[in-house]
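Visitor: Below you'll find the structure I mean.
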Amino acid sequence: MLLIILSITVYLYFKVIILRTDDPLYQVYSNSRARIALGVFMIAFGANQYVFYQTRLALAIALVFVALGVAQFVYGYRRAKFYRKQLRERT
């Protein structure tokens, strides 16, 4: 439960950073980090729902959430890695 709250808080934090900065490269980098937090949220939420209900329907829904969460996490990680390199080269 703590991981769910923490990850959604980090997601909202990065989304607010996107609104507050004018640098487009840093906005894209922050968005990719927000995707990582969203992926962690979806994975934790799916696992939590299965542990709470433990039915076949909950398992199916949890698997969908975990699969989408892993996809968000991997995509966000790859983009963050790429844009981190771009930010370091620029400075």
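The values are calculated or read from the model by the stated rules, or taken from the named source; none is laboratory data. Bear in mind the structure is a predicted one, so any value in this text is a computation, not a measurement. Counting neighbours? That spans all protein chains shown, and the Cβs are built from the backbone with ideal geometry, glycine included. Only protein heavy atoms, including side chains, enter the accessible area calculation; ligands, DNA and RNA are left aside. Shrake-Rupley method; radii C 1.70, N 1.55, O 1.52, S 1.80 Å.
Visitor: First select every other residue whose beta carbon is under 13 angstrom from the beta carbon of Y11; then total the charges, Lys and Arg +1, Asp and Glu -1.
Guide: Every neighbour counted, the sum reads +3.
Visitor: What is the Cα centroid distance between the stretch 1-48 and the stretch 64-91, reported in whole angstrom?
Guide: 11
Visitor: Counting only protein heavy atoms, what percent of the accessible surface of the chain is carbon or sulfur at a 1.4 Å probe?
Guide: About 66 percent, which is the carbon plus sulfur part of the accessible surface.
Visitor: If you count only protein heavy atoms with a 1.4 Å probe, what accessible area per residue comes out for the stretch 43-91, rounded to a whole Å²?
Guide: 78
Visitor: Still on this structure, I have one more. Taking springs between alpha-carbon atoms closer than 10 angstrom, which of L68, L59, L19 fluctuates most in the Gaussian network model of the chain?
Guide: L19
Visitor: Same structure again: Calculated from the structure, Rg and Dmax of the Cα atoms in Å equals which of [x] 16.5, 48; [y] 12.3, 41; [z] 15.2, 52?
Guide: Label [z] holds the value from this structure.
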